[in-house]
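Right, one structure below, let's go through it.
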Amino acid sequence: MTPDQIENAVAAEMPRAVDELKRLVAIPSVAFPGHPEEPVHAAAAMTEELLRSAGLPHVRQIPVEGSFPAVYGEAPAPDGAPTVLLYAHYDVQPAGDLALWRTPPFEPTLVDGRLYGRGAADDKSGVITHLLALRAFQGDFPVGIKVIIEGQEEYAGERLEAFVEQNPELFRADAIVVADCGNPTVGDAAVTTSLRGLAAFTIEVRSLTESVHSGSFGGAAPDALAALIRMLASLHDDNGDIRVPGLPRGVFLGTGPSEEEFRATAGVLDGVSLVGSGSLADRLWASYAITVTGIDAPTVQGAINAVQSVARARVTVRVPPAGDPDAAANDVVEHLRRAAPWGVQVSMTDRVLGSGYLADTGGSARTALNRAMERAFGRAPRDIGAGGSIPLVATLVKQFPAAEILLFGAEDDGAAIHAPNERLVLEELHRAATAEALFLADYGTI
């Protein structure tokens, strides 16, 4: 197929694909404990149906121990052609506080070319990007195709990773496209070449056998919540830089966002300063970051006058590509123990680790992708980093060190992934799918 034919084929399939994306977003496929499992299986079934419609001769669900099924499809490579593995995930983050959504999270709503709904961008857009690219070839693929759509990526844990290690031949490929990221802004073509890793854990503080009346005991009884607050505050200095020994600042060899762009995208309020030092690229993509993502404590509404006996917090550490997530978790926990006042009891549970990734950008697959993205977006892509983690990527690098891994997709930094009012710009989906289809055709000729 010529590039013009590929572009026309993707454009012709867009209306159908948008309707399918709406159907997929309407399924609340939250694979977190405590959420219904039936919608997750329904999303797996629909994903299987979609891959079959793309002309892949072999499609099936793969059971993954301790997790939800992955959906797998493949088509053999033409003689002498390389094989490309395509990755995305069909599970989504929980909706969170429904009052913060302008439209219902699982009722996909189209407004001015933007589709709103949980998972519209992260990462059901990745599923549809692959679908559009594959349909362009009507079953006559220029390269070998393998597709893996994961079912429990958002709830951190290394489940599919273990399956890959046990079944490497299913995933072996010359190039791997991970459609779980995107561009800094809409239309700003980019390839993600750096991923931070992850270390997350729950820290618990205990000070009393049970909570006691603050009038009778306050002033002498140690408050577990006050102790926890002091411990968490010790993680950063007044400038917002990390105070934990062993977590140095890194350097990103590329261009990050301007402060104005970042403030606008992050929604930083007027008069509120950014935190940390060094360039934004350094802070976001190459350095450690520590975030308190949740605290178990009495709510303001209905609070009683009591000194708290126990308090918990969920702490997430973003780890630069060269860092060791296990060591980072240990360093932070040890710092918190040292900062604990009054001899309170401190314990750590539910630790989750994920490694980072740094790409080699000089291969033939990246060269083909550069040409494809330049045609689809009207500009050559630039290298960017990502502060988030994709645990499977590190496993793929370990298992297939010769494979080129390419991270791009239809998301953008304004897509509000993991937040209320998540949205996907449909034109960005069109461009990303066109780029992927053009890449497959170009790579098949190398």
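Computed quantities for the displayed model
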read-out: Some residue of segment 347-354 being outside any strand (DSSP E or B) and crowded, with 16+ Cβ neighbours inside 10 Å; value: no
read-out: Looking only at segment 376-392, and only at residues there that are over 12 Å from the mean Cα position of the chain (by Cα) and buried (at least 19 other Cβ atoms within 10 Å of the Cβ), the one that is farthest from N8 (Cα to Cα); value: G385
read-out: Within segment 174-185, considering residues that are surrounded by fewer than 23 Cβ atoms within 10 Å (Cβ to Cβ) and at pLDDT below 95, the one farthest from L115 (Cα to Cα); value: P184
read-out: Single residue of A43, A31, A70 found to be under 12 Å from K124 (Cβ atoms) and assigned by TED's automatic domain parsing to the domain that holds V111; value: A43
read-out: Qualifying residue in segment 215-232 (condition: buried (at least 16 other Cβ atoms within 10 Å of the Cβ), more than 23 Å from N305 (Cβ to Cβ), touching a residue at least 60 places away in the same chain (Cβ under 8 Å) and in the same structural domain as S347 (by TED's automatic domain parsing)); value: yes
read-out: Residue within segment 108-130 that is more than 30 Å from T265 (Cβ to Cβ), assigned by TED's automatic domain parsing to the domain that holds V64, assigned to a loop (DSSP other than H, G, I, E, B) and not polar (S, T, N, Q) present; value: no
read-out: Selected residue (only one of D79, D112, D97 is over 16 Å from the mean Cα position of the chain (by Cα), without any contact (Cβ under 8 Å) to a residue 12 or more places away in the chain and farther than 30 Å from D442 by Cα); value: D112
read-out: Strands (runs of 3 or more DSSP E) (entirely within segment 358-446) containing at least 2 residues that are touching a residue at least 12 places away in the same chain (Cβ under 8 Å) and closer than 25 Å to A264 by Cβ; value: 382-386, 423-425
read-out: Only listed residue being touching a strand residue (DSSP E or B) at 6+ places or on another chain (Cβ under 6 Å) and basic (K, R), chosen from R338, R351; value: R351
read-out: Selection count where residues are assigned to a helix (DSSP H, G or I), of a type in the set (A, V, I, L, M) and more than 14 Å from L426 (Cβ to Cβ), scope segment 1-23; value: 3
read-out: Any hit, segment 262-270, residues being without any contact (Cβ under 8 Å) to a residue 24 or more places away in the chain, crowded, with 16+ Cβ neighbours inside 10 Å, out of contact with any helix residue (DSSP H, G or I) (no Cβ under 8 Å at 6 or more places or on another chain) and of a type in the set (D, E); value: no
read-out: Meets criteria (within 30 Å of D79 (Cβ to Cβ), in contact (Cβ under 8 Å) with a residue 24 or more places away in the chain and of a type in the set (D, E, K, R)) for D180; value: no
read-out: Selected residue (only one of E169, E161, E165 is assigned to a helix (DSSP H, G or I), farther than 24 Å from I304 by Cβ and free of Cβ contacts under 8 Å to residues at least 60 places away in the same chain); value: E169
read-out: Scope segment 393-409; condition under 13 Å from the mean Cα position of the chain (by Cα) and at pLDDT 95 or above; matching residues; value: L407, F408, G409
read-out: The one condition in (1) over 23 Å from D123 (Cα atoms); (2) in contact with a strand residue (DSSP E or B) (Cβ under 6 Å, 6 or more places away or on another chain); (3) assigned by TED's automatic domain parsing to the domain that holds F163 that I384 fails to fulfil; value: (1)
read-out: Residue list for segment 319-346, filter: of a type in the set (D, E, K, R), buried (at least 16 other Cβ atoms within 10 Å of the Cβ) and at pLDDT 95 or above; value: D331
read-out: Which listed residue, of G246, G278, G215, is farther than 26 Å from A416 by Cα and either out of contact with any Asp or Glu (no Cβ under 7 Å at 6 or more places or on another chain) or modelled with pLDDT of 95 or more (or both); value: G215
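The values are calculated or read from the model by the stated rules, or taken from the named source; none is laboratory data. Please read these numbers as outputs of a predicted model, since none were measured by experiment. Reconstructed Cβ throughout: ideal geometry from the backbone, glycine too, with neighbour counts over all protein chains shown.
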